[in-house]
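A short worksheet on the structure shown next.
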Amino acid sequence: MTFIWFCLISYGLTQILVYGKIFDPIRPKTGKLGQLLECSMCTGFWVGLFLWSVRHHTELFIFDDFFITGLLLGFAGSASAYI
């Protein structure tokens, strides 16, 4: 159940960051950050890493402190955003 919560939160946050109208005025359109925020797979990877880094502040998902776990969760976040 932990991984399902992680994927749902990752998907939702990625969709809001990439496609949410509320961020249109402040979302960069050019440069590296603009390219990142146009790609849901790229943004999903960084969202997955972000969620792994804030895992101590929630009880919805609990993962270990190993960096490889963070990397794998970044890949999972990217995949869940792509699907």
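The values are calculated or read from the model by the stated rules, or taken from the named source; none is laboratory data. As the structure is a prediction and not an experimental result, all values here were calculated from the model. Counting neighbours? That spans all protein chains shown, and the Cβs are built from the backbone with ideal geometry, glycine included. Accessible surface is based on the protein model in full, side chains and every heavy atom, while ligands, DNA and RNA are left aside. Shrake-Rupley method; radii C 1.70, N 1.55, O 1.52, S 1.80 Å.
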Inset, instruction - Grab the helices (runs of 4 or more DSSP H) fully contained in the chain, keeping just those with 1 or more residues being in contact with a Leu (Cβ under 8 Å, 6 or more places away or on another chain), open to solvent by 30 Å² or more (accessible area, probe 1.4 Å) and not small (Gly, Ala, Ser). - result: 2-19, 40-53, 67-82
Legend entry - Lone qualifier among 45, 61 - being touching a helix residue (DSSP H, G or I) at 6+ places or on another chain (Cβ under 9 Å) and modelled with pLDDT of 95 or more: 45
Legend entry - Counted residues, region 1-27 - those being of a type in the set (Gly, Ala, Ser) and without any contact (Cβ under 8 Å) to a residue 60 or more places away in the chain: 2
